[in-house]
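The structure under discussion appears below in the form of structure tokens.
The values are calculated or read from the model by the stated rules, or taken from the named source; none is laboratory data. Note that the structure is predicted; figures quoted are calculated from it, not measured. With ideal geometry, Cβ positions are generated from the backbone for all residues, glycine too; neighbour counts draw on all protein chains shown.
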Amino acid sequence: NYKQTKLNCFQVDPYCCQRRTPLQHHNKLLTDAFEILEENAEYIESSNDTKGYSRNLAYRRVLAVLRSLPQAVTSVKQIKDVKHIGGHSQKIIQELLEEKCCLEVEEIKRSVRYNKMKLFTGVFGAGVSTARRWYDTGMTSLNDVIQHNEDRSTAQKYGLAFFDDLNMPVLKAEAEQVKSIVKNITESILPGVSVTVTGGFRRGKTVGHDIDLLISHPKEGAEIGLLGKILEKLQQLNLILYGSHNKCTYSERHFTEEPRDPPTNSQMDHFEKWFGIIGLPKISTEKTVLIAENDASDKSIKDLVDLSKSEKSWTAKRVDLIIVPSSQYFYGLVGWTGNKMFNRDLRLYAQKELNMRLSSHGLYDLTKGCLLTSNSEEEVFKYLKLPVIPPELRNC
Ligand code: DGT
Ligand code: MG
């Protein structure tokens, strides 16, 4: 009996938003391999395929389950009946447990296509379809891409120019440094504003690929026009290397009561935002925080930038600035904390299990025909009839 219980110890809830998924989990040997399979499936799948069965999504579900298990899988029998782990995945797990490696994964790691796709998707502004186009037209290096530059977007040109910097992991201290600079600037424009580091850093990651900052003000409407002013200051301080400002109309900014039914896999929202690259002064975070905390004046920011200029060193960092009206703040916070798989299942679960529509703007109860406003992240989970999963356990 004991043996039987031990073999069946892995029972998981179907949606990853129902599970607790820490950053450090017990099945790294397995997830390292499935991460390669998942990535490769994304490179291969055309966007048309994803309307039907998606191998990439299937692997993402396997990964989310493995990351959430309370202990290491030691026998394939333990996961025989576990949701989302199909026959092919079980075979791979068995091979990994027995051989400590998997032939299919090793072949992918050696394949030219996988390595070139990985290189090309590492260019800021280039998604999978762009990378595939470059690969299919015979390009094999970044130099090729730079030379055949007829159809490069502006973002891609900057992505290529700052490729090395942007492919260095962003450190948590650097995220805090950028937050201090933005908070400082923003506070001088609109006192009482909040600036929050979201994305992977909020989930406890110590490194990331970008810095996601949510900007909001307790007074609804006070945030209108704020982003333009922040960008002006960042520009005056010579911190911006490239950026794209997504303005949106008032009606788009506010979540209307009409259910629009966005696709549940979409991460896109209608907040006013800026996606860009900043030249981050390479100085100690201690100094930045000290200046930022002691003095919120323009001069202190200028000192900071002059200091960096005198040292003549900066690194390019990807930054997202998102303006969130106060009434939508906690939904925006959940959406921008992620991770993407957690969001995906949260939205799917809301739709399928509760007949509710969730986005980064709000939650709409389709049965009652009303919008559910929220004053905390906990309240969002309460409306969704889910246990409160802290950000550190949303690493699905
Ligand atoms: P990272 O930066 O590689 O360490 O990983 P994350 O988790 O920070 O990923 P990132 O920066 O791409 O996105 C942060 C979260 O925000 C992610 O869970 C999904 C969400 N997100 C990303 N882009 C958008 C967007 O355009 N709209 C919305 N609503 N959410 C987005
Ligand atoms: Mg991020």
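With the checklist (1) within 15 Å of ligand 2 (Cβ to nearest atom); (2) outside any loop (DSSP other than H, G, I, E, B) in hand, flag the one item Lys205 doesn't pass.
(2)
Which residues, counting only those in the stretch 204-244, are under 24 Å from Pro325 (Cβ atoms) and within 16 Å of ligand 1 (Cβ to nearest atom)?
Those that are under 24 Å from Pro325 (Cβ atoms) and within 16 Å of ligand 1 (Cβ to nearest atom): Asp210, Ile211, Asp212, Leu213, Leu214, Ile215, Ser216, Leu227, Gly243, Ser244.
Could you tell me which of the residues Gly127, Gly159 is within 20 Å of the chain's Cα centre (by Cα) and touching a residue at least 24 places away in the same chain (Cβ under 8 Å)?
Gly159 is the lone residue from the list that is within 20 Å of the chain's Cα centre (by Cα) and touching a residue at least 24 places away in the same chain (Cβ under 8 Å).
Take the residues in the stretch 192-202 that are away from ligand 1 (no atom under 11 Å from the Cβ) and in a loop (DSSP other than H, G, I, E, B); name whichever of them is nearest to the chain's Cα centre (by Cα).
Among those that are away from ligand 1 (no atom under 11 Å from the Cβ) and in a loop (DSSP other than H, G, I, E, B), it is Val193.
Give all pairs with beta carbons closer than 8 Å in which a residue from the stretch 192-218 that is over 18 Å from Gly276 (Cα atoms) meets a residue that is part of a loop (DSSP other than H, G, I, E, B) and near ligand 1 (Cβ under 7 Å from one of its atoms); count only pairs at least 6 apart in sequence or on separate chains.
From the stretch 192-218, the pairs are Arg203/Gly338; Arg203/Asn339.
Are any of the residues in the stretch 347-359 within 22 Å of Leu227 (Cβ to Cβ), surrounded by 20 or more Cβ atoms within 10 Å (Cβ to Cβ) and in contact with a His (Cβ under 8 Å, 6 or more places away or on another chain)?
no
Could you tell me whether Asp164 is surrounded by fewer than 17 Cβ atoms within 10 Å (Cβ to Cβ) and within 22 Å of the chain's Cα centre (by Cα)?
Yes; evaluated as a whole, the condition is true for this residue.
Suppose the filter is surrounded by fewer than 20 Cβ atoms within 10 Å (Cβ to Cβ) and under 30 Å from Asn238 (Cα atoms); does Thr315 pass it?
yes
Spot the failing condition for Ile230; the list is (1) in contact (Cβ under 8 Å) with a residue 40 or more places away in the chain; (2) part of a strand (DSSP E or B); (3) of a type outside the set (Asp, Glu), and only one is missed.
The failed condition is (2).
Are there helices (runs of 4 or more DSSP H) fully within the stretch 66-142 with at least 2 residues that are among the acidic types (Asp, Glu) and within 16 Å of Phe34 (Cα to Cα)? List them.
87-99, 103-110
Quick one: which of Lys352, Lys368, Lys382 is assigned to a loop (DSSP other than H, G, I, E, B), at pLDDT 95 or above and more than 24 Å from Phe201 (Cβ to Cβ)?
Matching residue, one of Lys352, Lys368, Lys382: Lys368.
Quick check: is even one residue across the stretch 171-179 near ligand 1 (Cβ under 10 Å from one of its atoms), more than 21 Å from Phe271 (Cα to Cα) and not in a helix (DSSP H, G or I)?
No, the stretch 171-179 contains no residue that is near ligand 1 (Cβ under 10 Å from one of its atoms), more than 21 Å from Phe271 (Cα to Cα) and not in a helix (DSSP H, G or I).
If you go through the stretch 10-44 one residue at a time, how many are under 24 Å from Cys101 (Cα atoms) and modelled with pLDDT under 95?
The qualifying residues number 2.
Any chance you could count how many residues in the stretch 313-339 are of a type outside the set (A, V, I, L, M, F, W, C), closer than 20 Å to Ile224 by Cβ, within 16 Å of ligand 2 (Cβ to nearest atom) and not in a helix (DSSP H, G or I)?
Result for the stretch 313-339: 1.
One line per residue, one yes/no per condition, for (1) over 22 Å from Gly122 (Cα atoms); (2) at pLDDT 95 or above; (3) crowded, with 18+ Cβ neighbours inside 10 Å; (4) in contact with a strand residue (DSSP E or B) (Cβ under 8 Å, 6 or more places away or on another chain):
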residue	(1), (2), (3), (4)
Arg203	yes, yes, yes, yes
Gly208	no, yes, yes, yes
Asp212	no, yes, yes, yes
Ile215	yes, yes, yes, yes
Glu220	yes, yes, no, no
Glu223	yes, yes, yes, yes
Lys229	yes, yes, no, no
Leu234	yes, yes, yes, yes
Asn238	yes, no, no, yes
